[in-house]
Every structure is written in C-alpha cells, then in structure tokens.
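Notes for the one structure printed next.
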C-alpha cells in the first residue's frame, strides 16, 4: 500500500483506488515541479536578437460597431504603456486558406477570455496573414471582443518569426518580445513545434495555454486520437 499523502477521502472509494491515486499524486507532484523548473529555465534565457524592422501591421477591433478605425500599427506600438513584455500569437489563417485553422481558433476562443486578465500584466496581440477585413469578419462571428487583431499581409513578420514556412504554409507560433532600455528583443518562441515528435504525440508546443486538451487529460477518455475541434458543431 502506497503511503498516504493527505487525509482527504471520497465517498465509497476503495483501498485499491486510494493506492493508485496516491501513485498518481506522486507523479503529479513531480510534473508540477517539472513545469516550474522549465518555466524557471525559460525566465533565465538571455535576450534574443532585435527585430530586423519595426513591422507595420494593419489593426482593427472585431466589433463592427466599434468606432476604432483600421490603422497602421508598428511592432513597437504593440507594447501597452508601462509594460515591457509582449506576447504575439500567430494565427493560422492565411489568404489562400478556405477557412481558419480549427485548432488555432479553439485556442483563441479561450484566449479571448484570458486576454482581459493577461493585459493587466503584459501586452498581447494576435497576428494572421489574411487581410484584416477577413480576420475581423471571422472574429465578429466568434465574439472575440478582447483580442487585439493584426494583419501581417503586407510585412515579413510571419516569415521572420516562423508564423509560416518557406512555401507560405501557415504555422501556429507563440512569440514573446521584451523591451529593455528602449530596445526591443525577441525572447522566446514555442520552438517545440520543430523538434521531432515522440510516437503518438503531436507537437504540443502551445498546449499549456490551450484549455481544451488539458481538460481532456483529466478524463478517463483522455485526448483520444481521432477527434479535433471544429469551427462549428
């Protein structure tokens, strides 16, 4: 019998269940520590390179009744006042795609709620290669009212920061930039996407900010291998 880690019990649980649950708890404790250890290593990264240019994006809120007009916004202007960290999610929604990436859309459905809280501490924006009007139309349909939406249709941001490949295929990427002494530096990219995948696993490079799969991981069915989110059900 595994040593008990706490005194909490649930109705009618068996000793076999408690033994197995205690074994899982030890693994969960190790995972918790490993996640923090990895985060600590990430925080210790030295500054990356400066962006090759101050990219100019097209920006406009999703709300069709918003008085905000479409405007040109530079990368340097994406930093909110008094905030020196900027997170940019590259959304797989290119001009030649018939519809947006369903997985990215699921992520952004969640981040629309998160963004309101996240922007209390950091700056956050979403970039896609499609024309801005197309991005806004999709965003209105999904009720994305908290996301700062940008089009990179007329700049090289996607290519330079791996939001697309050499053939123009769109890639899901999270980039973090930081501002130090008035200069912008790249800090982090979700490069796990480019590492060889382990058998039976996909990239999982942005899973930590994707609630859907993390919720499934708590269930008896798990993630499964033949189900993926859709734009509508």
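Things to note:
- Of the residues 25, 132, 149, the one that moves most in a GNM of the chain with alpha-carbon contacts below 10 Å is 25.
- Residue separation of residue 195 and residue 167 scaled by 0.36 nm, minus their Cα-Cα distance, works out to 8.1 nm of gained length.
- Listing 233, 89 from fewest to most neighbouring C-beta atoms within 10 Å gives 233, 89.
- Cβ crowding within 10 Å, taken as a proxy for footprinting-reagent exposure, orders 84, 226 from fewest neighbours to most as 226, 84.
- Paramagnetic reach from residue 181 in segment 23-60 [backbone N under 18 Å; point 7 Å along Cα→Cβ]: 45-51
- Within the listed set 214, 175, 146, the residue fluctuating most in the Gaussian network model of the chain (springs between alpha-carbon atoms under 10 angstrom) is 214.
- DSSP bridge orientation in the chain - percent antiparallel, rounded to nearest 5: 70
- Segment 217-231 and segment 107-140: distance between their alpha carbon centers, rounded to Å: 24
- In range of the label at residue 83: residues from segment 130-157 whose backbone nitrogen is under 16 Å from the point 7 Å along Cα→Cβ: 145-150
- For residue 53 and residue 228, the difference between the fully extended length at 0.36 nm per residue and the C-alpha to C-alpha distance is 59.3 nm.
- Dividing the summed -39500 (n - 2.57) terms of all DSSP H runs of n ≥ 4 by the residue count of the chain sets its mean residue ellipticity at 222 nm at -9000 deg cm²/dmol.
- Selected from 46, 95, 172 as most flexible by GNM, with the chain as the system and alpha-carbon contacts under 10 Å: 46
- Per-residue Cβ neighbour rank within 10 angstrom, fewest leading, 97, 92, 201: 201, 97, 92
- Per-residue extension of 0.36 nm, minus the Cα-Cα distance of residue 218 and residue 43, leaves a gain of 60.2 nm for this segment.
- Placing pseudo-labels 7 Å out from each Cα toward the beta carbon at residue 69 and residue 12 gives an inter-label distance of 6.7 nm.
No lab work stands behind these numbers, since they all come straight from the coordinates. A quick note: this is a predicted structure, and the numbers were derived from the prediction, not measured. Neighbour counts run over all protein chains shown; Cβ positions are idealised from the backbone, glycine included.
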